[in-house]
Amino acid sequence: MLGTGSFLPGPPVTIDEIESRLGRLDDAPDAVRRFSAGAGRRLAEHSGVRHRHFAIDPDTGELTHDFAGLAREACVRGLAQAEVAPDEVDLLVVSMPGVDDFTPPTSATLQAELGIERCAEIAVHSNCSGVGKAVQIAMDAIRVGRCRTALVAYSQLSSIFLRSAWLVQPAMTRSQALMRWILSDGSGAMVLRGVDDPEAPGHELVEAHAMSIGGMLAPAMTCGLGARIMRTQQVGLRALVERGLHHLDQDFAAVSEFSAVRLETLLRAFAGGLELEHDDIDHYVLSIPTVKLYEDARRRIEYLAWERCPFRCATSGYCGGASILVHLDQMARAGQLKTGELAMCYSVESSKWMGGGFLVRW
């Protein structure tokens, strides 16, 4: 791993500014508005997140970035730190929870924005587990000799799903309103290169991991803007939107009850495959959105050395799949990683209970 990069768009947004930045819910049902102003605000106040970032112009309310543009910012920073020119990139892998266009793919758009004339490009549609999937693809491509230099990025543009302009407010539910107090925007990137010399500059990317344990489980995060919902509902796009079927939703009860248990299962699977004990890991960079979920994980995963895994979203906000890349980049630039130390970066995705991450030796 030659370099990392991250980007948090716009100025820091305080709890008092969230609703004005995303737009008010003046047309939502009364019960939803009261719930958002009460329970939603309390959740934000007790989340441990002091401020977050949104890719929204505070004056116009328009988005300042799309998925490709947000990823580009992190990629430029990662390439600069790695001292790698864009035309040295053989493979570009970008993951994100949405798309800028159904076609062309966001990976090709990002390639153009980076000024890369030709390379292999792959787009991975995923939420929090997307980083692990993208890194695994890049590592395997390097290992088998398909490429030498890979650029991996993740773009989290939560704002597109949270702004009042996206929402059909009369059709909103309380859980959909609650999402606006949790998520934020950000992107991360890393530059990988295959080398034969163990003394070469850079940090050893030991392994990546991607696994779904939710094959038989109900999804805990949904956003029904796609062919499946349009086919089963027998409705056109206008009717789908009018009914609010495109809203981002979360099963908060399932996340509260199961996220720590499933994080433990996935971490054991990753570490066990590497023949590592958890005491061998010097830093855990885990994607945990709130202090409550963090404390739940501490209680349920007692063997983990939690002093090596502080809550990291206080000043970045919770930017979904980008979080582990953002936090790793912040740690690297702050000098918190020492030569020879192992850092395990991992995320759990509640949409269908998948996990993904990677292990790096500094």
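The values are calculated or read from the model by the stated rules, or taken from the named source; none is laboratory data. All values derive from a computational prediction rather than experimental measurement. For neighbour counting, all protein chains shown are included, and Cβ atoms are generated from backbone atoms with ideal geometry for every residue, glycine included.
Return only the number of the condition from (1) under 25 Å from residue 312 (Cβ atoms); (2) touching a Lys or Arg at 6+ places or on another chain (Cβ under 8 Å) that residue 113 does not satisfy.
For residue 113, the failing item is (1).
Quick check on my filter: what residues within region 91-129 are under 15 Å from residue 76 (Cβ atoms) and acidic (Asp, Glu)?
Of everything in region 91-129, just one residue is under 15 Å from residue 76 (Cβ atoms) and acidic (Asp, Glu), namely 113.
Counting only residues that are assigned to a helix (DSSP H, G or I) and touching a Lys or Arg at 6+ places or on another chain (Cβ under 6 Å), which one in region 250-309 is surrounded by the most Cβ atoms within 10 Å (Cβ to Cβ)?
Applying the filter and picking the extreme gives 260.
Any idea which of 178, 110, 167 is touching a Cys at 6+ places or on another chain (Cβ under 9 Å), crowded, with 18+ Cβ neighbours inside 10 Å and either within 18 Å of residue 1 (Cβ to Cβ) or assigned by TED's automatic domain parsing to the domain that holds residue 41 (or both)?
110
Of the numbered conditions (1) assigned to a helix (DSSP H, G or I); (2) more than 18 Å from the chain's Cα centre (by Cα); (3) under 13 Å from residue 153 (Cβ atoms); (4) free of Cβ contacts under 8 Å to residues at least 60 places away in the same chain, residue 79 fails exactly one; give the number of that condition.
Evaluating residue 79 over (1) assigned to a helix (DSSP H, G or I); (2) more than 18 Å from the chain's Cα centre (by Cα); (3) under 13 Å from residue 153 (Cβ atoms); (4) free of Cβ contacts under 8 Å to residues at least 60 places away in the same chain leaves (4) as the failure.
In this structure, is residue 94 under 19 Å from residue 6 (Cα atoms), part of a loop (DSSP other than H, G, I, E, B) and touching a residue at least 40 places away in the same chain (Cβ under 8 Å)?
no
Out of the residues in region 79-107 that are out of contact with any Asp or Glu (no Cβ under 8 Å at 6 or more places or on another chain), small (Gly, Ala, Ser) and crowded, with 20+ Cβ neighbours inside 10 Å, state the one that is nearest to residue 193 (Cα to Cα).
82
Hey, any hits in region 39-61 for a residue that's closer than 16 Å to residue 326 by Cβ and touching a His at 6+ places or on another chain (Cβ under 9 Å)?
For region 39-61, residues closer than 16 Å to residue 326 by Cβ and touching a His at 6+ places or on another chain (Cβ under 9 Å): present.
Between 112, 138, 150, which is outside any loop (DSSP other than H, G, I, E, B) and either touching a helix residue (DSSP H, G or I) at 6+ places or on another chain (Cβ under 6 Å) or modelled with pLDDT under 95 (or both)?
On inspection, the qualifying residue turns out to be 150.
Here is a check on your reading of the model: is residue 243 surrounded by fewer than 18 Cβ atoms within 10 Å (Cβ to Cβ), free of Cβ contacts under 8 Å to residues at least 24 places away in the same chain and not assigned by TED's automatic domain parsing to the domain that holds residue 159?
So residue 243 does not fit the description; no.
Go through region 319-362 and give me each residue that's touching a Gly at 6+ places or on another chain (Cβ under 9 Å) and either part of a loop (DSSP other than H, G, I, E, B) or hydroxyl-bearing (Ser, Thr, Tyr) (or both).
If the condition is that a residue be touching a Gly at 6+ places or on another chain (Cβ under 9 Å) and either part of a loop (DSSP other than H, G, I, E, B) or hydroxyl-bearing (Ser, Thr, Tyr) (or both), then 319, 323, 346, 347, 350, 351, 352, 353, 362 are the ones that fit.
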